[in-house]
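Below is one structure; the comments refer to it alone.
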Amino acid sequence: MDAPWPIVSIIREFCDEFEVIIPRRALSAATLLSLGANRIIMTPFATISPIDPEGNFPQSDGKVLQIPTEDIFSFIEFSKSKIGLRSENSKAEILKALLKYEPKELGNIFRAYNYIRQLAKGMLSLHLDAVKNKKRIDDIVENLTEKAYQHNHLVGRKEAKYKVGLGEIIEFAEDPDPADLVLIENLFAAIEGDTLVNVPLNVEEALQQSAGQPAVIDCIRALVQADQLNVEGKSTVVIAPNGQVKAGFYWTEV
């Protein structure tokens, strides 16, 4: 989730109106990035997704534990609202159940929980008045986090427009011109070739090639072009021998 904000920020330095075209899938961080656009144009095949992040924590046995942040808070809410654990003793039992995780892990989960909401609200506030549209912004963020009960739920354009609450931000043609769809697909195919966006990151293969040392991979994550601007957004991905992945985002001129 480190890339969306700097990408949107630099684009908005060079334009008054920012549009996003989604030909197919814009999942997780790509959904978050799209929230920063004045308009999101979705083809009939386009989908967005929930934006709840996962925490990745290395364990003593060398494995990496993945903890979806929303699962932790959903467990707490389920315990209180559905089972009815509201007494002090019951709250102590809930806390005891959570203590199977390290304090650092729980702290990181709490920060990620708050950070993703802050970031999503910040994106929407770039083009919606944060005061006049406070409830709407809160509702959109809630619909893409705790009210999205599966992280892999795919949200089509009508659901995004009417149920998620993006409304006029989402644009699409009920009967799109096939020629326009071909143009969008061709443009996207060219970008795919430059960024290798469809090439999966194979952690095991990268570690085997690094012979027990941290594996370092540079990848292009964004291309920004304007009249007098041509930059690439890159990430240096560092994979530790225990499988933990860290990535830092930065810009380079082309």
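Summary of values
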read-out: For region 200-254, alpha-carbon Rg relative to the globular expectation (2.2 N^0.38 Å, N residues); value: 1.38
read-out: For region 133-195, alpha-carbon Rg relative to the globular expectation (2.2 N^0.38 Å, N residues); value: 1.44
read-out: Nearest-20 debye value, region 200-254 charge dipole, Cβ charges on Lys, Arg, Asp, Glu; value: 180
read-out: Theoretical FRET efficiency, 1/(1+(r/R0)^6), r = Cβ-Cβ of E192 and Q150, R0 25 Å, to 0.05; value: 0.40
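None of the figures in this text is laboratory data; all of them are computed from the coordinates on show. Bear in mind that the values here come from a model prediction, so they are computed numbers and not experimental data. Positions of Cβ are generated from backbone atoms using ideal geometry, with glycine treated the same way; all protein chains shown enter the neighbour counts.
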